[in-house]
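Reviewing the structure listed below.
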Amino acid sequence: MEIKREPLNGLTTPSAITAPSDFRARQLQARDMLRGDLEGEALERYVKESVLTTTVEKAVAWSQGNSIWPLTFGLACCAIEMMSIVGARVDVARFGWEAFWASPRQADLLILSGRVSVKMAPVIRRIYDQMLEPRWAISMGACCSSMGVFNNYALVPADKFLPIDVHVPGCPPRPEALLHGILRLREKIHGTERDGWRERYHAVGTEEVLAEGTSASDAAINVFPGGDTAGA
Amino acid sequence: MPDATELELTAHELRDRNAESILGTDFGRGDRAVLLVNPAHVIDVLTALHAKGYTFLASLHGVDYYPDEPRLGVLYELLDMQNVDRITVKARVHTDDPRIATATGLFPGADFPEREVYDMFGVVFEGHQDMRRILMPEDFEGFPQRRDFPVGGEPVLFTYNEETTYGKWS
């Protein structure tokens, strides 16, 4: 049986292709490229269509943001919610963050999931220091961010000893909330951060602040003054 | 739990052993037999109760009765496992020099609870083999469970009017 090849759309030579979206034409063009027959303007166009230019930083950020290994590190009840993000329901593996690694040397992300006591803080700082750059930290839950219901002598907020990238509020945050925090961190790593909700909802200037005329020291009624060791 | 009569009999028995050891008894709300003991003779009392059958130290803990004096209380919850009787031994010490003898010779399990009472209330258990802080960091200053210790914490948005807002315990 004889196979008869007919040029499409009345085109006779690949160099005369004017509609690059034409699949058959692109196929022929690619064939010519491989044969070394493509020349001149057609070659120029072929290269422009086939090559994606970007910066190294962007390419690296893209791969980093899609292959984060969090550290296997749970502090309290938030850790239960943290564990469930690798489950089937909120499958964090969709974003390549599912490899919870038990060694800080190979981990990229520290999720502080729970309250941090003054005795635990140096341990966490040491673990964070052992992680290799680039590294990120998520403060998960109220206790870790603002000491939550345990606002007393025994705890320390994470911002006091660690650079935190994303704070996830909640007590404890639902896995979806943590996933949202993870996606915000992903955007941050990719350099495609969106504006915060205040910008988005035209709410700049509505920040809650201390009452007029209240100094920080006045506000701190329950705070242990430095050097005062009453009862010691 | 011994009834009120039994508690008085026990107190008398202990007074016969050592006249200065028992300062009083308290039957509370009818749910707890308490012997108020002189802290100087607490080991005497515990030894006698141990011999009577209270061989299990269920709990050892501290209390701050601020502003009552003597402020600090050390409570021993004893259990007689044969008769399922419970009795509380309470010793009150001053904050100026809070010292009391250790019960670790009698109840080895008192080791960690005594360290915790020291950590939180500053009661020194004399004769304890390892009288250090157990929960707070070694360099922590003060005894955080005393009632006059500042609660501490971070000033947050509503701290400044925390005392006056609804729901604040006072």
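The table that follows gives values for the structure above.
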| quantity | calculated |
| --- | --- |
| Scope the stretch A:97-145; condition within 12 Å of chain B (Cβ to nearest Cβ) and touching a Ser or Thr at 6+ places or on another chain (Cβ under 6 Å); matching residues | A:Ser145 |
| Where a residue in the stretch B:101-112 is farther than 8 Å from B:Ile43 by Cβ and its partner, wherever it lies, is part of a loop (DSSP other than H, G, I, E, B) and of a type in the set (Ser, Thr, Tyr), with Cβ under 9 Å and at least six apart | B:Phe107/B:Thr55; B:Ala110/B:Thr102; B:Ala110/B:Thr104; B:Asp111/B:Thr102; B:Asp111/B:Thr104 |
| Matching residues in the stretch A:146-187 - criterion: being at negative phi, of a type in the set (A, V, I, L, M) and within 14 Å of chain B (Cβ to nearest Cβ) | A:Val149, A:Ala154, A:Leu155, A:Val156, A:Ala158 |
| Some residue of the stretch A:145-165 being within 15 Å of A:Phe73 (Cα to Cα), surrounded by fewer than 18 Cβ atoms within 10 Å (Cβ to Cβ) and at pLDDT 90 or above | no |
| The stretch B:4-25 - residue that is free of Cβ contacts under 8 Å to residues at least 12 places away in the same chain and not small (Gly, Ala, Ser) and, of those, farthest from B:Ser59 (Cα to Cα) | B:Asp16 |
| Elements of type strands (runs of 3 or more DSSP E) in the stretch B:78-170, at least 1 residues being at pLDDT 85 or above, over 17 Å from B:Ser59 (Cα atoms) and among the charged types (D, E, K, R) | B:99-101, B:124-126 |
| Failed item in (1) under 23 Å from A:Gln130 (Cα atoms); (2) in contact with an Asp or Glu (Cβ under 9 Å, 6 or more places away or on another chain), with A:Phe100 passing the rest | (2) |
| In the stretch A:68-90, residue nearest to A:Ile138 (Cα to Cα) [restricted to those that are surrounded by 13 or more Cβ atoms within 10 Å (Cβ to Cβ) and not hydrophobic (A, V, I, L, M, F, W, C)] | A:Pro70 |
| Residues satisfying the stated conditions in the stretch A:1-53, i.e. more than 46 Å from the chain's Cα centre (by Cα) and either at pLDDT 85 or above or of a type in the set (Val, Ile, Thr) (or both) | A:Ile3, A:Thr12, A:Thr13 |
| Residue within the stretch A:186-208 that is in contact with a strand residue (DSSP E or B) (Cβ under 9 Å, 6 or more places away or on another chain) and of a type in the set (Phe, Trp, Tyr) present | no |
| A:Ser139 modelled with pLDDT of 75 or more, of a type in the set (Gly, Ala, Ser) and either closer than 25 Å to B:Thr164 by Cβ or surrounded by 19 or more Cβ atoms within 10 Å (Cβ to Cβ) (or both) | yes |
| All positions within the stretch B:34-55 that are under 25 Å from B:Gln145 (Cβ atoms) and either within 12 Å of the chain's Cα centre (by Cα) or not β-branched (Val, Ile, Thr) (or both) | B:Val34, B:Leu35, B:Leu36, B:Val37, B:Asn38, B:Pro39, B:Ala40, B:Val42, B:Leu46 |
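Residue-by-condition table, conditions (1) surrounded by 15 or more Cβ atoms within 10 Å (Cβ to Cβ); (2) touching a Leu at 6+ places or on another chain (Cβ under 6 Å); (3) free of Cβ contacts under 8 Å to residues at least 60 places away in the same chain:
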position	(1), (2), (3)
B:Pro39	yes, no, no
B:Ala51	no, no, yes
B:Thr55	yes, no, yes
B:Tyr65	no, no, yes
B:Asp68	no, no, yes
B:Tyr76	yes, yes, yes
B:Asp80	yes, no, yes
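The values are calculated or read from the model by the stated rules, or taken from the named source; none is laboratory data. None of the values given here were measured: they were computed from a predicted structure. A quick note on method: Cβ atoms are made from the backbone with ideal geometry, for glycine too, and the neighbour counts reach across all protein chains shown.
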